[in-house]
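J.: Here it is: the structure, laid out below.
The values are calculated or read from the model by the stated rules, or taken from the named source; none is laboratory data. Because the structure is predicted, anything quoted here is derived from the model rather than measured. Positions of Cβ are generated from backbone atoms using ideal geometry, with glycine treated the same way; all protein chains shown enter the neighbour counts. Accessible surface is based on the protein model in full, side chains and every heavy atom, while ligands, DNA and RNA are left aside. Shrake-Rupley method; radii C 1.70, N 1.55, O 1.52, S 1.80 Å.
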There are 2 protein chains.
Amino acid sequence: MTPSSTLPEQIATHLRRNILRGVLAPGDPIKERDNALEMGVSRTPLREAVRILAKEGLVILRPARSPVVADPSLEEARASVEVLQALETLSGELACRNASDAEIAEIRRIFEQHSSLSKTAEGDALIDLFEVDMAFHTAIARASHNPALAETHAAFLARMWRQRYLSAVQRRARDRVHHQHENIVLGLEARDPKRVGAEINAHISALINNLVRLYAARDAGQEITSHEKGIE
Amino acid sequence: MTPSSTLPEQIATHLRRNILRGVLAPGDPIKERDNALEMGVSRTPLREAVRILAKEGLVILRPARSPVVADPSLEEARASVEVLQALETLSGELACRNASDAEIAEIRRIFEQHSSLSKTAEGDALIDLFEVDMAFHTAIARASHNPALAETHAAFLARMWRQRYLSAVQRRARDRVHHQHENIVLGLEARDPKRVGAEINAHISALINNLVRLYAARDAGQEITSHEKGIE
DNA sequence: AATAGCTTTTTGGCATACCAAATGAAAGTC
DNA sequence: GACTTTCATTTGGTATGCCAAAAAGCTATT
């Protein structure tokens, strides 16, 4: 997907995907020796890759300890999404002012691609669906013509990657997401900052609600998981 | 010699101070070999330190090229301050909801310290004045009780350190800053998010105006600087 | 049999050696 | 004399080796 120029970036992308797909579960340690040999690279670039993921908030660094895959509490996730909300709202408002017609047309194209995928996606295709979803939001951030904003937004998106993934693949949410995305696109085409801002706010608020439910479900299943661990 | 933290972090702090104090001028390359030997450390930790500063936006990384001390254009600075504005506004609004009375009292204390310093500060004391100014805004961000927000805010503050410093020490701005800070404190004590948000917005907007003037002045003096360079 | 202390092993941190790409200078050609 | 091409030097990127600290396992003692 990303023919990233530098090696550490490629490794980071690889690890990121593994974290997203659950191959590396939250709480798992990332041992630099093992992963380095496993991926056929040396420890140095892998080390840098881990720093990149740490900066994105996907892994936690501890002094003189194995980094571990981040496992944010509900409160931590909510706090990050709150910031994400402010960033995306600002993105939308600025995009109304600064985006070119071509950029808005591109955003609509991504929206329609997402909509059609959304109707059929299942199994592994869910990851594709999700990546299109992320591309939609990223395109809006870039259309703000504010590089610092787009960059920070991308960082928070990456940080909430897993949470948004778990939320986005739920069947029940898809219709709502479709309509909210549609309204955002319509607002951009009308270049109506108020409307876009309000729609994005509602969109992210729904995400927060989803997260609350997801965490509640996860915590309910926690006991079972610990039983399984005991059996192993 | 390991009182505070990890070695890369210490190196980053050292370089950061040098950048902010102007020892390393904007545009200067950071050659990892030279700096490493100069500081008596190896390239590996210095390399990591540079990455930390890059993440903070103080240095720019280019593929297969020496990193250079960032020298943001007016448009880049304006873009960053725009994000800072959104972050500080959100901080203020959340602080109205989440801050403890003690935290708000502390913010007032910082405000009053800043006000009294502002009346007399000159020369080197300007740095103290400025640091109190930064502490004021940082305290509000922390009072939001949103760690992700406080962290990101701190990052942008560091990124704009030099710009805000140049702006803050201007005599002409001091009265305005005093009144705006006062209104922010009053809004916080009344726990009125609308008011705090509006005041912070105005405060940062004034900063943007200041930056425009500062950059205009700097660009006017640019020719002289380039003459000096030519002589060297 | 349980626990405390010690030893072994694992793992991350730092230094350094090697490699490849980019830059600047010098020389040769048009 | 100017431009291009090439080669040397500089500099970042990567691999690897060594070291110190932490975790785990074992033994000895109570």
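J.: Which value, in Å², gives the accessible area per residue of the protein assembly as shown when a 1.4 Å probe is used on the protein heavy atoms?
T.: 51 Å²
J.: Could you give each residue of segment A:133-149 its phi-based ³J(HN,Hα) in whole Hz, using Karplus coefficients 6.51, -1.76, 1.60 with θ = phi - 60°, and x for Gly or Pro?
T.: Karplus-based 3J(HN,Hα) across segment A:133-149 equals 4, 4, 4, 4, 5, 5, 5, 5, 4, 5, 5, 5, 6, 10, x, 4, 5 Hz.
J.: Using amide H atoms built 1.01 Å from N in the peptide plane, name the residues 5+ places from B:L24, or on other chains, whose amide H lies under 5 Å from its own.
T.: Answer set, sorted by chain and number: B:I19.
J.: Using a label position 7 Å from Cα in the Cα→Cβ direction, what is the ascending list of nm distances from B:I127 to the same site in the other copies?
T.: 5.1
J.: On C-alpha positions alone, give me the angle between the axis of helix B:174-189 and the longest principal axis of chain B, in degrees, nearest 10.
T.: 60 degrees
J.: To the nearest 20 debye, what is the magnitude of the charge dipole of segment A:74-220 about its Cα centre, counting +1 on the Cβ of each Lys and Arg and -1 on the Cβ of each Asp and Glu?
T.: Dipole about the Cα centre, nearest 20: 320 debye.
J.: Let me ask something else. If we hang a label 7 Å off Cα along the beta carbon direction at B:A25, how far is it from the matching labels on the other copies, in nm, shortest first?
T.: Listed shortest first, these distances are 5.7 nm.
J.: Oh, and also: Enter the angle in degrees (range 0 to 90, nearest 10) between the Cα long axis of helix B:43-56 and the first principal axis of the Cα atoms of chain B, meaning the one along which they spread out most.
T.: Helix B:43-56 sits roughly 40 degrees off the main axis of chain B.
J.: If you don't mind, another one. Among rounded, prolate and oblate, which fits segment A:7-69 when a ≥ b ≥ c are the square roots of the eigenvalues of its C-alpha gyration tensor, a/c under 1.5 means rounded, and a/b larger than b/c means prolate?
T.: Verdict is rounded for segment A:7-69.
J.: Sticking with this structure for a sec: If you build a Gaussian network model of chain A, linking Cα atoms that sit under 10 Å apart, which residue out of A:A64, A:A148, A:A25 swings the most?
T.: Taking springs between Cα atoms under 10 Å, the residue moving most is A:A64.
J.: Further question: Compute the long axis of helix A:193-231 from its Cα atoms, compare it with the longest principal axis of the Cα atoms of chain A, and write down the angle in degrees, 0 to 90, nearest 10.
T.: 20 degrees
J.: Starting from the exponent 0.38 and prefactor 2.2 Å, build the expected Rg for chain B from its residue count and divide its actual Cα Rg by it. Could the numbers behind the result be given before it?
T.: Numbers: Rg = 19.1 Å, N = 232, 2.2 N^0.38 = 17.4 Å.
Cα Rg divided by the expected 2.2 N^0.38 Å: 1.09.
J.: Give me the percent of the accessible area of segment A:7-69 that comes from carbon and sulfur atoms, probe 1.4 Å, all protein chains in place.
T.: Working: 1680 of 3320 Å².
The value for segment A:7-69 is 51 percent carbon and sulfur by accessible area.
J.: Can you pull out the trypsin sites (Lys or Arg not before Pro) in segment A:18-63 that DSSP calls coil and that have at most 16 other Cβ atoms within 10 Å? Intermediate results must be reported in sequence, preceding the final value.
T.: On the way: sites: A:R21, A:K31, A:R33, A:R43, A:R47, A:R51, A:K55; in loops: A:K31.
The qualifying sites are A:K31.
J.: Per residue, how big is the convex hull around the C-alpha atoms of the protein assembly as shown? Give it to me in cubic angstrom, could you? Write down the numbers at each step before the final one.
T.: Numbers: hull volume 87.1 nm³, N = 464.
Taking the convex hull of the Cα positions in the protein assembly as shown, it is 188 Å³ per residue.
J.: Rounded to the nearest 100 Å², what is the buried accessible area between A and B, both sides summed, probe 1.4 Å? The partial results should precede the final answer.
T.: On the way: alone 12360 and 12780 Å², together 23510 Å².
What A and B bury together is about 1600 Å².
J.: What is the sum of charges around B:P63, taking Lys and Arg as +1, Asp and Glu as -1, for the other residues whose C-beta is under 15 Å from the C-beta of B:P63?
T.: On the way: positive: B:R47, B:R51, B:R62, B:R65; negative: A:E9, A:E48, B:E32.
Once positives and negatives cancel, what remains is +1.
J.: Also, I was wondering about something else. Per residue of the protein assembly as shown, what 222 nm ellipticity follows from adding -39500 (n - 2.57) for every DSSP H run with n ≥ 4, rounded to the nearest 500?
T.: Numbers: 20 runs with 356 residues, N = 464.
For the protein assembly as shown, the value works out to -26000 deg cm²/dmol.
J.: With springs only between Cα atoms under 10 Å, which of A:M160, A:M39, A:M134 fluctuates most in a Gaussian network model of chain A?
T.: A:M39
J.: If you add up the charges near B:I11, with Lys and Arg at +1 and Asp and Glu at -1, over every other residue whose beta carbon is less than 10 angstrom from its beta carbon, what do you get?
T.: Details: positive: B:R16, B:R47; negative: B:E9, B:E48.
Result for the local shell: 0.
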